[in-house]
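Undergrad: Before I ask anything, let me first share the structure, which is written out below as structure tokens.
The values are calculated or read from the model by the stated rules, or taken from the named source; none is laboratory data. This one's a predicted model, so the numbers in the text were calculated from it and none came from an experiment. Every residue, glycine among them, receives a Cβ derived from its backbone with ideal geometry; neighbour counts consider all protein chains shown. Quick note on the areas: whole protein, heavy atoms, side chains included, nothing else; ligands and nucleic acids left out. Shrake-Rupley method; radii C 1.70, N 1.55, O 1.52, S 1.80 Å.
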Amino acid sequence: MKAVITAIGGFVPTSILNNKTISETVETTEQWIEKRTGIKERRIAVGKSTSDLACGAIENLISNYDVDTSEIEVLILATATPDHVLAPTASKICELSGLKNAFGFDMNAACSGFLYALEMGATMIESGRYKKIIVVGADKMSSIVDYEDRNTCILFGDGAGAVLLEKTETEYGLMKSILKTDGSGTESLIVPAGGSKFPASMQSILHKKHYIKQDGSFVFKRAVEAMSNISKDVLISNGLDADEIDWVIPHQANLRIINAVSENLSIDNKKVKVNIERYGNTTSATIPLCLWDYAADFKEGQNLLITTFGAGFSWGATCLKWGIMRQRKSQKSNKTIQKRKVFEPQLS
């Protein structure tokens, strides 16, 4: 028995934060941002929470595919930006999305969160105990970004993606995964305050310790090395050669990282799916949003390689053979046309 993706949904906010606006608030230029990161704009969830983003992705999935919410048994939410430290954001999502027969829980593995959650969901189905699981990756990164910090404010955006996992006895579905953790990298990519080690205080707020801090050059080097090596390892683990991979779905952190990884794997860039120019780094949402954006390109029986790297350090890779999607409710686009709005960051 294996787990296969049978439906996909996605959601991005309407508000746009483009490079021009950022260049007016910190010392940089539109051209520099795009050259260094590959990002042109990112979406910002004004007045919305992570649960709102996740519910939007689930609603998109349910509205486009023939899915009975009463049959969903589990909801796994991958997020680094929960609505609250307590209670779990997954609980609110289950309520708002009408998943009355599902239990839900949060998982935080930062940018690798969705891949970790996907592996957990697949394992639960392979156990035979569960038949239908929704896995969501959602983050409101704008809630932990300092828009006066050029090192981080150019990188991150908000969004959510969701997939339905079901059991199958066919050859389709998730193959073997390899997941890794190295806690020695924790301080290189972190939100220092707000947790149990450094609770909120006047000093933590004054010194902006509730915003994400990053050693960009160090994280960049580790990401290229880790994603390249673990992708090679997972190909070997699944008995696949690089030329047997039809599509690569990499974490969308930086276009230079993506290009370096594909070069190290000797995989043509044409096979690598990229949407970072429109969304930036949405952390737990990058992989499912990429699957959502390019779902029409994936054909039954094709081999996909997914690889990620994030805070923790957490990283991993998996392969999956694309299966048969659930019946669509209509032939309309699975993206809702939304009026785009320009977002102006509020600076302290």
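Undergrad: Hey, among the residues in the range 114-132 that are in a helix (DSSP H, G or I) and aromatic (F, W, Y), which one's most open to solvent (accessible area, probe 1.4 Å)?
TA: Y116
Undergrad: Separate question: What residue, among those in the range 238-289 that are hydroxyl-bearing (S, T, Y) and in a loop (DSSP other than H, G, I, E, B), is farthest from the chain's Cα centre (by Cα)?
TA: My answer is S266.
Undergrad: Can you name the residue in the range 66-90 that is modelled with pLDDT of 95 or more and small (G, A, S) and, of all such residues, is nearest to S143 (Cα to Cα)?
TA: Within the range 66-90, the match that is nearest to S143 (Cα to Cα) is A80.
Undergrad: Related question: Please go through the range 288-305 and give me each residue that is closer than 13 Å to I245 by Cα and either without any contact (Cβ under 8 Å) to a residue 12 or more places away in the chain or of a type in the set (G, A, S) (or both), ordered by number.
TA: Once the filter is applied, which keeps residues that are closer than 13 Å to I245 by Cα and either without any contact (Cβ under 8 Å) to a residue 12 or more places away in the chain or of a type in the set (G, A, S) (or both), the range 288-305 yields only G301.
Undergrad: Which number in (1) touching a helix residue (DSSP H, G or I) at 6+ places or on another chain (Cβ under 8 Å); (2) modelled with pLDDT under 95; (3) closer than 25 Å to S237 by Cα marks the one condition that G216 misses?
TA: With respect to (1) touching a helix residue (DSSP H, G or I) at 6+ places or on another chain (Cβ under 8 Å); (2) modelled with pLDDT under 95; (3) closer than 25 Å to S237 by Cα, G216 is out only on (3).
Undergrad: Given the criteria out of contact with any strand residue (DSSP E or B) (no Cβ under 9 Å at 6 or more places or on another chain), of a type in the set (A, V, I, L, M) and surrounded by 17 or more Cβ atoms within 10 Å (Cβ to Cβ), does A260 qualify?
TA: yes
Undergrad: So is N303 at pLDDT 95 or above, open to solvent by 50 Å² or more (accessible area, probe 1.4 Å) and either under 18 Å from F11 (Cα atoms) or polar (S, T, N, Q) (or both) or not?
TA: no
Undergrad: Has the range 22-38 got any residue that is β-branched (V, I, T), modelled with pLDDT of 95 or more and within 14 Å of R278 (Cα to Cα)?
TA: yes
Undergrad: Can you tell me which residues in the range 133-151 are open to solvent by 10 Å² or more (accessible area, probe 1.4 Å) and outside any strand (DSSP E or B)?
TA: Listed by number, the residues that qualify are S142, S143, I144, D146, Y147, E148, D149, R150, N151.
Undergrad: Restricting the range 185-218 to residues that are part of a helix (DSSP H, G or I) and free of Cβ contacts under 8 Å to residues at least 40 places away in the same chain, which is surrounded by the most Cβ atoms within 10 Å (Cβ to Cβ)?
TA: S204
Undergrad: Now for a different question. Can you name every residue in the range 220-241 that is closer than 29 Å to R36 by Cβ and open to solvent by less than 30 Å² (accessible area, probe 1.4 Å)?
TA: A223, V224, A226, M227, S228, I230, S231, V234
Undergrad: Would you be able to tell me the number of residues in the range 64-113 that are open to solvent by less than 60 Å² (accessible area, probe 1.4 Å), in a helix (DSSP H, G or I) and of a type outside the set (G, A, S)?
TA: 6
Undergrad: I need a count of the residues in the range 22-47 that are farther than 16 Å from N254 by Cα and in contact with a Lys or Arg (Cβ under 7 Å, 6 or more places away or on another chain).
TA: Counting residues in the range 22-47 that are farther than 16 Å from N254 by Cα and in contact with a Lys or Arg (Cβ under 7 Å, 6 or more places away or on another chain) gives 4.
Undergrad: Looking at (1) in contact with a helix residue (DSSP H, G or I) (Cβ under 9 Å, 6 or more places away or on another chain); (2) surrounded by fewer than 24 Cβ atoms within 10 Å (Cβ to Cβ), find the lone condition where I154 falls short.
TA: Against the list (1) in contact with a helix residue (DSSP H, G or I) (Cβ under 9 Å, 6 or more places away or on another chain); (2) surrounded by fewer than 24 Cβ atoms within 10 Å (Cβ to Cβ), I154 comes up short only on (2).
Undergrad: Then there is this: Just name the residue that is surrounded by the fewest Cβ atoms within 10 Å (Cβ to Cβ) out of those in the range 1-29 that are among the aliphatic types (A, V, I, L, M) and either touching a Phe, Trp or Tyr at 6+ places or on another chain (Cβ under 7 Å) or without any contact (Cβ under 8 Å) to a residue 24 or more places away in the chain (or both).
TA: That would be I16.
Undergrad: Only one residue in T170, T181 is in contact with a Phe, Trp or Tyr (Cβ under 9 Å, 6 or more places away or on another chain), surrounded by fewer than 20 Cβ atoms within 10 Å (Cβ to Cβ), β-branched (V, I, T) and in contact (Cβ under 8 Å) with a residue 60 or more places away in the chain. Which one?
TA: Being in contact with a Phe, Trp or Tyr (Cβ under 9 Å, 6 or more places away or on another chain), surrounded by fewer than 20 Cβ atoms within 10 Å (Cβ to Cβ), β-branched (V, I, T) and in contact (Cβ under 8 Å) with a residue 60 or more places away in the chain holds for just one of T170, T181, which is T181.
Undergrad: Condition test on A223, is it over 26 Å from the mean Cα position of the chain (by Cα), small (G, A, S) and either closer than 20 Å to I245 by Cβ or modelled with pLDDT under 95 (or both)?
TA: No.
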